[in-house]
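Student: What follows is a structure written as structure tokens; I'll ask about it next.
The values are calculated or read from the model by the stated rules, or taken from the named source; none is laboratory data. For clarity, every value in this text was computed on a predicted model and none was experimentally measured. Counting neighbours? That spans all protein chains shown, and the Cβs are built from the backbone with ideal geometry, glycine included. Surface accessibility is based on the protein's heavy atoms, side chains included, excluding ligands, DNA and RNA. Shrake-Rupley method; radii C 1.70, N 1.55, O 1.52, S 1.80 Å.
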Amino acid sequence: MKKIRTYIIVLLTLSLIILGFKFVESQNQRKELQNSIDNSFRYEISNVQHSFSMVVNDYTYRSMISSVSNAAAISELTSFEKLNDDLDISLYQLYIALREERSKDKVLLRIEELREIFSMLVRDPINHEATDRIIQINNDTFFNAKEE
């Protein structure tokens, strides 16, 4: 009977050690995945900044929309979103403002300001001032644009 108890205790101890190692391994994988998502977001934000730096024509305009859409799609998954709750909303609304015909020209008139804002976001993705300014541009252009 004593041997069975010892065997069970050793088995449980080994199981706990293995589970502990698996837990640490999964936490490391989660951190690596989060870092990968955050780096992808930074890359997408720099693409947005670059697209706003180009001369606007049909091709570059589509590139702008695509870049903003990509950044908006991935922003909710980033660790930056936890620290700046308006990040995904502001980017998604900017995507809509660029996509919609009634607000597109008004947004493009503020391209210099957008370039500056995205420079701020490239340096610091949780910058509240930058997201507040994007929201203000969205409010001024898309949400106040009249249906024609």
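Student: Residue by residue through segment 38-87, note down the ones that are open to solvent by 10 Å² or more (accessible area, probe 1.4 Å), small (Gly, Ala, Ser) and out of contact with any Asp or Glu (no Cβ under 8 Å at 6 or more places or on another chain).
Tutor: Scanning segment 38-87 gives Ser40, Ser46, Ser53, Ser63, Ser66, Ser69, Ala73.
Student: What pairs come up if the first residue lies in segment 40-68 and is more than 21 Å from Ala130 (Cα to Cα), the second is modelled with pLDDT under 95 and open to solvent by 30 Å² or more (accessible area, probe 1.4 Å), and their beta carbons are under 7 Å apart, counting only those six or more places apart or on different chains?
Tutor: Hits for this filter: Val56/Leu108; Thr60/Met54.
Student: Name the residue that is modelled with the highest pLDDT, counting only residues in segment 40-87 that are basic (Lys, Arg) and either within 17 Å of Leu114 (Cα to Cα) or under 10 Å from the mean Cα position of the chain (by Cα) (or both). Full working, then the answer.
Tutor: From segment 40-87, those basic (Lys, Arg) are 42, 62, 82; that's our starting set.
Next cut, either within 17 Å of Leu114 (Cα to Cα) or under 10 Å from the mean Cα position of the chain (by Cα) (or both) only: 42, 62.
Values: Arg42: 95, Arg62: 90.
Of everything passing the filter in segment 40-87, Arg42 is modelled with the highest pLDDT.
Student: Can you tell me which of Arg99, Arg110, Arg133, Arg115 is in contact with a helix residue (DSSP H, G or I) (Cβ under 7 Å, 6 or more places away or on another chain), under 14 Å from Val48 (Cα atoms) and among the basic types (Lys, Arg)?
Tutor: Numbers: Arg99 fails: under 14 Å from Val48 (Cα atoms); Arg110 fails: under 14 Å from Val48 (Cα atoms); Arg133 fails: under 14 Å from Val48 (Cα atoms).
Being in contact with a helix residue (DSSP H, G or I) (Cβ under 7 Å, 6 or more places away or on another chain), under 14 Å from Val48 (Cα atoms) and among the basic types (Lys, Arg) holds for just one of Arg99, Arg110, Arg133, Arg115, which is Arg115.
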